[in-house]
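What follows is a single structure, written as structure tokens, with notes after it.
The values are calculated or read from the model by the stated rules, or taken from the named source; none is laboratory data. What you see is a predicted model, and the numbers here were worked out from it, not measured in a lab. Every residue, glycine among them, receives a Cβ derived from its backbone with ideal geometry; neighbour counts consider all protein chains shown. We work out accessible area using only protein heavy atoms, side chains counted, and drop any ligands, DNA or RNA first. Shrake-Rupley method; radii C 1.70, N 1.55, O 1.52, S 1.80 Å.
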Amino acid sequence: QVQLVESGGGLVQPGGSLRLSCAASRSIFSINTMNWYRQAQGKECEFVARFTGYGTTAYADSVKGRFTISRDSAKNTVYLQMNSLKPEDTAVYYCNALTGGRLDWGQGTQVTVSS
């Protein structure tokens, strides 16, 4: 089992930036894939970004070019740099970790984009 703790959410104006962090309780090299998802109020949870164990990344079309996923193996942490934020990016952001068929989730961090 992997414990995940997200942080970095908050209130930001449209066009602003935030960096979310997802700290894992074990080496991220032992984790197959780490993902960011988000869930806006009244909507389904949706995929945002992925970092695989091979070092490859993937993004939802809605965030491509604005969001960047990265990792710091020394800190067992995956980041989501979010630039040019829009009101429609408002949601609770969750990270999850896929390891040997098991999927663990963090508690989420709220991101609100509003003027």
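So in the chain, which Cys have no other cysteine's beta-carbon sitting under 4.7 angstrom from theirs?
For the chain, the answer is Cys45, because their Cβ atoms have no other cysteine Cβ under 4.7 Å.
Could you list the trypsin sites (Lys or Arg not before Pro) in region 31-115 that lie in coil according to DSSP, counting only those with at most 13 other Cβ atoms within 10 Å of their Cβ?
Lys43, Lys64
Which value in nm describes the separation of the simple spin-label points at Leu11 and Ala40, placed 7 Å from the Cα toward the beta carbon?
It is 2.0 nm.
Pop out the ³J(HN,Hα) list for region 35-43 in order, Karplus 6.51 cos²θ - 1.76 cosθ + 1.60 with θ = phi - 60°, rounded to Hz; leave Gly and Pro as x.
Running phi through 6.51 cos²θ - 1.76 cosθ + 1.60 with θ = phi - 60° gives 10, 10, 10, 9, 9, 7, 4, x, 10 Hz.
Gap in Å between the Cα centre of region 18-65 and the Cα centre of region 81-110?
Between the Cα centre of region 81-110 and that of region 18-65, the gap is 6 Å.
Give me the lysines in straight-line cross-link reach of Lys43: C-alpha distance below 21 Å, same-chain residues under 8 apart excluded.
Candidates past the 8-residue exclusion: Lys64, Lys86.
Which length gain, in nm to one decimal place, applies between Gln1 and Thr57 when the Cα-Cα distance is subtracted from 0.36 nm times their residue separation?
Here the answer is 17.9 nm.
For a quick check of your reading of the filter: which GluC sites (Glu not before Pro) in region 40-115 sit in a DSSP loop and have no more than 14 other Cβ atoms within 10 Å?
Glu44
If you stretched the chain out fully between Phe29 and Phe47, how much longer would it get, using 0.36 nm times the residue separation minus the C-alpha to C-alpha distance?
Additional length available on full extension: 4.3 nm.
Residue-wise, which Karplus ³J(HN,Hα) couplings in Hz belong to region 67-82, taking 6.51 cos²θ - 1.76 cosθ + 1.60, θ = phi - 60°, and x for glycine or proline?
The phi angles translate into 10, 9, 9, 8, 9, 10, 5, 5, 9, 6, 10, 10, 10, 10, 7, 10 Hz.
Loop-only check: which chymotrypsin sites (Phe, Trp or Tyr not before Pro) in region 29-115 are DSSP coil with at most 12 other Cβ within 10 angstrom?
Answer by residue number: Tyr54.
Mind grabbing the accessible area of Leu18 for me, 1.4 Å probe, Å², rounded to tens?
Answer for Leu18: close to 30 Å² accessible.
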